[in-house]
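Down below is the structure, laid out as structure tokens.
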Amino acid sequence: AQDIFLRHNVTGSLNDFLLGVKLDAGDIAVTDLEYHAIVNICRLRCERENRQLRTIKIPENFNSPEELAEKISEQIDDKVRMLMISHVMTGTGLKIPLQVLADKLAKKNVVLAVDGAQGAGNHKLHLNDFKNLHFYGGNFHKWFMAPKGTGFGWVPEWFHDQVQPIQGGWTTFEQPAVFQPFGDNHRFAQKMLMSSCVSFPTFY
């Protein structure tokens, strides 16, 4: 619970991460099969911070998940600071081998952010088993069969201090008592909590 924050959809959680994660100077990369609304979040940060938005080509031919990950990784040079990629491509259904890719990008010191809009419920997700993955965001209203208006973001505990909320409110700094039990009384879950006038019954 301490690693997850709730949003109305994956676009909301990706906004929080892609705009709120600390990044050294350098470029942001997306693939040529990404959902354009999410590409625009990356473009927004690039334009705000004078970064280059780079497009990585997903190969049409590969013989194994490992080869797919290698062909993606080899396009990432030392100027790229973050790659945003889908777990399951919306238009084609192609599944990206996240763990293999994460291991390769860790050697290049690249932040890996995953758009899992089509992931939750489509595949079994054991998020804490992922190593070197910095963010996974998803929708519950697709393959998880939950109501619309339910999404989430996940950040591993070792990366919590690199992410700041992009909006302020009741939970940004000191915690009012009513919010303290949230997320097992964990600081990251509390500061990422939607604390404005929000209806939570769809999540329940």
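The values are calculated or read from the model by the stated rules, or taken from the named source; none is laboratory data. Being a predicted model, the structure only gives us computed values, none of them experimental. Backbone-built Cβ (ideal geometry, glycine too); neighbour counts: all protein chains shown. SASA here: full protein model, heavy atoms, side chains in, ligands and nucleic acids out. Shrake-Rupley method; radii C 1.70, N 1.55, O 1.52, S 1.80 Å.
Assorted remarks:
- When each of D115, D129, D161, D184 is tested for being within 13 Å of the chain's Cα centre (by Cα) and either under 14 Å from A1 (Cα atoms) or charged (D, E, K, R) (or both), the lone residue that passes is D115.
- With respect to (1) more than 22 Å from A29 (Cα to Cα); (2) more than 13 Å from the chain's Cα centre (by Cα); (3) open to solvent by less than 20 Å² (accessible area, probe 1.4 Å), the lone exception for L105 is condition (1).
- Scope segment 1-35; condition touching a helix residue (DSSP H, G or I) at 6+ places or on another chain (Cβ under 9 Å) and among the hydroxyl-bearing types (S, T, Y); matching residues: T11, T31, Y35
- Verdict on D78 being open to solvent by 20 Å² or more (accessible area, probe 1.4 Å), over 15 Å from the mean Cα position of the chain (by Cα) and within 18 Å of I4 (Cα to Cα): no
- You will find that of S64, S73, the residue that is more than 30 Å from D184 (Cα to Cα), among the polar types (S, T, N, Q) and buried (at least 17 other Cβ atoms within 10 Å of the Cβ) is S73 and no other.
- Sub-7 Å Cβ pairs linking a first residue in segment 126-146 that is in contact (Cβ under 8 Å) with a residue 24 or more places away in the chain and farther than 21 Å from K104 by Cβ to a second residue that is open to solvent by 70 Å² or more (accessible area, probe 1.4 Å) and in a loop (DSSP other than H, G, I, E, B), at least 6 apart or interchain, are H141/K148, ordered by first then second residue.
- The one condition in (1) under 19 Å from A37 (Cα atoms); (2) crowded, with 18+ Cβ neighbours inside 10 Å that V163 fails to fulfil: (1)
- Enumerated helices (runs of 4 or more DSSP H) restricted to segment 4-75, each holding at least 3 residues that are among the acidic types (D, E) and at pLDDT 95 or above: 65-73
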